[in-house]
Each structure stands twice: as structure tokens, then as C-alpha cells.
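Trainee: Take this structure first; my questions come after.
The values are calculated or read from the model by the stated rules, or taken from the named source; none is laboratory data. All values reported here derive from a predicted model rather than from experimental measurement. Ideal geometry is used to build each Cβ from the backbone, glycine not excepted, and the neighbour counts take in all protein chains shown. Just the protein is used for accessible areas: all its heavy atoms, side chains included, with ligands, DNA and RNA removed. Shrake-Rupley method; radii C 1.70, N 1.55, O 1.52, S 1.80 Å.
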Amino acid sequence: PAIAFSERDWVVVGDLRNLTGQSVLDDSLEQAFRISIGQSRYVNVLSELKVQQTLQQMRLDPDKAVLDRNLASQVALRDGARAVIIPTVSEVDDRLQFSIELVDPATQATVYADHATGRGLNSVLGSIDEVSGKLRGNLGEAIASISASATPLPQATTSDLNALRAYALAESAMARMKFDEAGPLYASAIRIDPTFARAHLGMASIAWARSEQQAAVLHVQDAKKVREQLMPRDQLFVDAWEAEVSPRGDSLAQWLALAKMYPDDFAAQSNASWYLLVDSRFEEALRHAWAATVPQAPRRVTTLAHVARAHNALGQPEEALKALDDAGPGAALSSMGTRAESLMLLGRRDEARKLRAQVGPETGKVMWLLAQRLLATMALEDGDVGQAVQLSSMVREEARNLPDPFPRHFQLAHLVVLSAAGRDIPRSELETTERLLAAALADPGHVSRHEDLFRMATLSYIAQRSGETALARRWMDWLEPQVAESGNPMAEKMLAIARANQLRLEGKVEEGIARLTPQLDGSELVQARLVMRDLYRDGVRGDEVAAQDAWLRSRRGRAWAEPALAQLLLPLNAMAAEQPPGSANVAGGAR
């Protein structure tokens, strides 16, 4: 009552005061306390990254600033935290004592204090559990909730304080985006304790960011081995990572589960928003994205780009620009593509073109190539097919020396541009692309296998549009059981589009309509509507054709913002949204 703490309020954990002289306790105990409190669904702990960002805004060096009572209170007031917790470890009568003070940041007065003692270093993690549990209860959390997450720290993390200290230092380095420094520290923690799940997940996140997919898989598998002894929140995190690195690649359900259980887990909310965008569930994506853009979210700038993309897809480019402006200049480079799409949708094409032209190879090769693909799509809309094909050809050549999967991705992306331009693609070119994809799909354990299944379904669709229906049918006959086994929803969507189009080209219009109709649930790909319109046209059902035309014309934002597999289908989508009512598909429509 003295501090009026409510459910899901925030606390700032100050720097540990270590009065023992034993350096192994310096970082390890503060990290252990953060982990223990962080399991609560009632109390939220401001992340190290957010604290460092706030210190920088205060013109302080995060590496030198001491987060004592005074400074921690200033941070709390700036970031809307309700309380400050100052932890201390000391020696009292030959026993090790862990204690905390709960501080009101407005007055800097201590409103609650507690401690626990034990003999020897091995007792201190148990003391943290004891103090943490009582603190959560005194802040108003239900006893049942505390008991549900009462996995002892030594079991849930590590019993070795040296491993815990290495992990704490790695987490501090990650907060400063110093991956090269964090990696060896995580590895050191794992050498000391090979069963330290959190350290394995830290290594997995670094490997994943570096596209070292197999290394990420191995670390997630090591974390999975000890899943049952982890705290509930960490169990959900392991589940999400396991789905993230699986060949199926569909981790949305796991991120949604974590976000539901822990609404202020910003990583879960942001990841859920992204995969909802990929699944074309834009209203839902917007809700989860906004949840990860509150002032306490350390990576709100990244998630504001998700907000903007959702607004673009919903036909609200003005709102998208507001979200990007809120993100500030620090987000300019990473969200440049989304901003360019917003400008396009507002009719400010010259501004969009200039913005994309600012992205050069020095900003990142892949980002540059994606910018050129957007410029190629704009050229198609302008009727400049020669410029579009020239840009797309350049992108394909530049991607040949990039690591997997970019050479085959941009090879296929070039064929998509050619198809959108209405050009028939030589059979030899189609078969070359098929060999690249088949080589990747030969490995059933390939981490990104679901992406190549989507690419293969797209290639079948492109083959149809070039009149190679027999080739497309053969590929789809092979692909169908592969997609069914994978269970990946995006691959299933793309294959259904290609199958329905194949039925149309074979004169089986009603079968094609029946095959595609279940897709039209609001989360369909834009190309599903295009194929359905062509099915209705071939079936001489004028009212239904008009309805699909109206849908396509009113969803221009969706055509440009659909994120499926690095916007692979963007050129086709953009041209579909531009076609006049009742027209045949630009390529392959009458075949």
C-alpha cells in the first residue's frame, strides 16, 4: 500500500551492492535476481537494454554509470516504473546474506526491505528465491501464481556462480549489441555448465542473426534437453525457439502463447506481430505490435515498423508514416522500404523512388538488392518493362555470390518480375531454377525448408503463367506430399493457388473454385484473389468476377505490403492491383 503497486507495473533493478569482496558475485547475483523476478506475470522488470538507452538519453555513459538509489530512481521516473529495487549481498556472522530494499522513486524512501541468509556460496541462489517470492507477494501477486513459477534458481538456470557470471556479462554485452563480445561469454558459461539452457539460447540467437542456422539448431536442441526443469516462462521461450528453427518454420502459435501468458514480454509480442503479418492477419498483427511499442519496450523502434506495415496493408498509409516518424531517425534505414511503400500508396512516387535510391550496397548487400526489386516493381507499374527487367537481372547477378539462400531466391525473384511483365520464360530457365530449389529440398532437415517449399510452389505458378503446364503439374505432384508433411501454412497457401490455377488451365473451373474457396478467409495471399477472379471469368460468372476485381482494386496497400518471403510476389501483386476491371491475367490468363 505504501507504493500503490498494481499488476503489470514496472520495477527498475539497481546495481548489486557487493559487500563481500568476492567478485564472482558481482554480476551473477544481480542477473539471478532479475531472472527470478522476471518469471512473474505480475511484476515487470525494466530490461538492461532499456535502462542503458535511458542512461544514454540522460547523456550518461552506461558502462560507467552506477545505478544506485538516486540514479535508478531517475531512470524509473523517466520510464514510468513504479518502484526501484536495490539488491545487496553481504557477510553477516559467517553467513552470506542477500537483501533488498524497495524504494519509492518519487521520494527515494525505502518502503519495504527483506533478506535471507545461508552458509556458503551455494546458499545464495536459494536466498534470492526466498526474497524474490516474498517480495512478489508483498507487491500483491497471488500466492498460487508465485508457487506456479517457483522452480529453484539452481535448477532453472545453473548452480555454478562462475557460469552465471559469464552469462550475466554476455547479457550485458547483448544489451549493447556487442555480439562478438557476448558469444565467447555465452560459450564460457556453457563450458562450465553444459546444461545451462539460457546460455544455449543466447548462442542460438547470435547464430540465427548471423544466418548460421545449423549452429542455432544445435543450441536450441541442447536447451530442449533440460526444458522440464526450467521455469514456466523459459519453457515457453524454448518451445518458441524450437519451432523457429524447425524445418516446418511455423512458430506463430508459440509466440502467441508466450505473449498471452506474459503480455509485457516484448520479444514475444513483436515476433507474434511479425508472423501475423506474414500470415496476412493484419488487424491482429497491429494489436500485438502496439503492445511492443510502449515506452518500456527497448526495441520499440523495430516493432513500429511492423505497425507501419500493418497500416499500409490495411490501406492506411498516413497512419503508417506517423508510426515511422514516431520511431525517430534511428529507424530510418531499417524501415526505409516500408516508408517508401507508404509514399507510393499516397501517390508520392518521386519521393518513394528517391528514398529507395538512397540505399546503396554499403548499407547492406541484401537490403540494397531488395530496394532494387522495389524499384523494378515501380518501373513495371509505370509501364517501363525494359527498366524493370534490367534492374531485376542486375539483382540476380549480384546475388550469385551471396550465401545460401539468396542466389536461388533472387533467381526466382527475377522470374517473378519477368512473369509480371508478361514475358514468357524459357523452359531452360525454369528448369535451372527448379534444380537449385530441388538441391535445397533434398535435405529433409534443412532449417529453412518451408521457405523453399514456398519458392517451389511459386515456381510452379510461374511455369503455368509461361504456358508450361505439364512441367508445373509434374512439380506440384512431387511437391504436394512434401508440403502436407511440413504443415507450413504459407507453403500450403501458395500450393493451393498453383493447384487451383492448374485446374483452371485444364478446363476444370468448378474444381479450381472448390479448391481455392477455403483460402478466402481474410488471410489469403493476393494472388489467391487473382486466380479466383480468372476462374470466375473462365466460368462466365460476371458478378463474381466483378467482386474479385473490386477486392483487388481496394487492396492496393495489401498488394504492396504483403511480406511473404521477402515480398517475393510483390511484382505480381502490384500488377494485379493495377489491372482494369474484367481484364485477363497479364500472363497465362487465357491458357
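Trainee: Tell me which lysines have Cα within less than 19 Å of Lys178's Cα, excluding those fewer than 8 residues away on the same chain?
Mentor: Result set, ordered by chain and number: Lys50, Lys64.
Trainee: Where does the chain land at 222 nm, in deg cm²/dmol rounded to the nearest 500, when only DSSP H runs of n ≥ 4 count, each adding -39500 (n - 2.57), divided by all residues?
Mentor: -19500 deg cm²/dmol
Trainee: Further question: For the chain, take the longest principal axis of its alpha carbons; what is the angle in degrees between that and the long axis of helix 179-192, to the nearest 10 within 0 to 90?
Mentor: Helix 179-192 sits roughly 60 degrees off the main axis of the chain.
Trainee: Further question: Is segment 113-234 best put as rounded, prolate or oblate by its Cα gyration tensor, with a ≥ b ≥ c the root eigenvalues, rounded for a/c under 1.5, and otherwise prolate when a/b is larger than b/c, oblate when not?
Mentor: Because a/c hits 1.5 or more and a/b exceeds b/c, segment 113-234 counts as prolate.
Trainee: Determine which lysines satisfy two conditions relative to Lys354: a Cα distance under 25 Å, and not lying fewer than 8 residues away in the same chain.
Mentor: Lys354 reaches Lys322, Lys365.
Trainee: So how strong a dipole does segment 381-474 carry about its Cα centre when Lys and Arg Cβ are +1 and Asp and Glu Cβ are -1, to the nearest 20 debye?
Mentor: Here the size comes out at about 360 debye.
Trainee: Explain nothing, just the number: dipole magnitude of segment 291-366 about its Cα centre with +1 on each Lys and Arg Cβ and -1 on each Asp and Glu Cβ, in debye rounded to the nearest 20.
Mentor: 200
Trainee: Report the full-extension gain for the segment Arg210 to Ser123: residue separation times 0.36 nm, less the Cα-Cα distance, to one decimal in nm.
Mentor: Working it through step by step, the gained length comes to 27.5 nm.
Trainee: Can you send over the carbon and sulfur percentage of the accessible area for the chain, probe radius 1.4 Å, protein chains only?
Mentor: In the chain, the share of accessible area belonging to carbon and sulfur is 50 percent.
Trainee: Same structure, new question: When a/c reaches 1.5 or more, the comparison of a/b and b/c decides; with that in mind, is the chain rounded, prolate or oblate per its Cα gyration tensor?
Mentor: Here the chain falls in the prolate category.
Trainee: How far is helix 266-278 tilted, in degrees, relative to the longest principal axis of the Cα atoms in the chain, given as a value from 0 to 90 rounded to the nearest 10?
Mentor: 10
Trainee: Can you give the net charge of the other residues whose Cβ lies under 13 Å from the Cβ of Ser428, counting K and R as +1 and D and E as -1?
Mentor: Combined, the nearby Lys, Arg, Asp and Glu give -3.
Trainee: With everything on Cα atoms, drop me the angle between helix 385-399 and the longest principal axis of the chain, reported from 0 to 90° to the nearest 10.
Mentor: Around 50 degrees separate the two axes.
Trainee: Ok, one more. Can you give the Rg/Rh ratio of segment 306-414, where Rg is from the C-alpha atoms and Rh is the Kirkwood radius?
Mentor: Radius of gyration relative to Kirkwood radius: 0.99.
Trainee: By the scheme Lys and Arg +1, Asp and Glu -1, what is the net charge of all other residues having a beta-carbon under 11 Å from that of Leu552?
Mentor: +4
Trainee: Might you tell me the accessible area per residue for the chain, computed with a 1.4 Å probe and given in Å²?
Mentor: 40
Trainee: In addition: Relative contact order of the chain, please, whole-number percent, based on alpha carbon pairs below 8 angstrom and at least 6 residues apart.
Mentor: 9
Trainee: Please work out the Cα center distance from segment 240-271 to segment 71-135, rounded to the nearest Å.
Mentor: About 31 Å separates the Cα centre of segment 240-271 from the one of segment 71-135.
Trainee: Treat every Asp and Glu Cβ in the chain as -1 and every Lys and Arg Cβ as +1, leave all other atoms uncharged, and give the resulting dipole magnitude about the Cα centre to the nearest 20 debye.
Mentor: 1060
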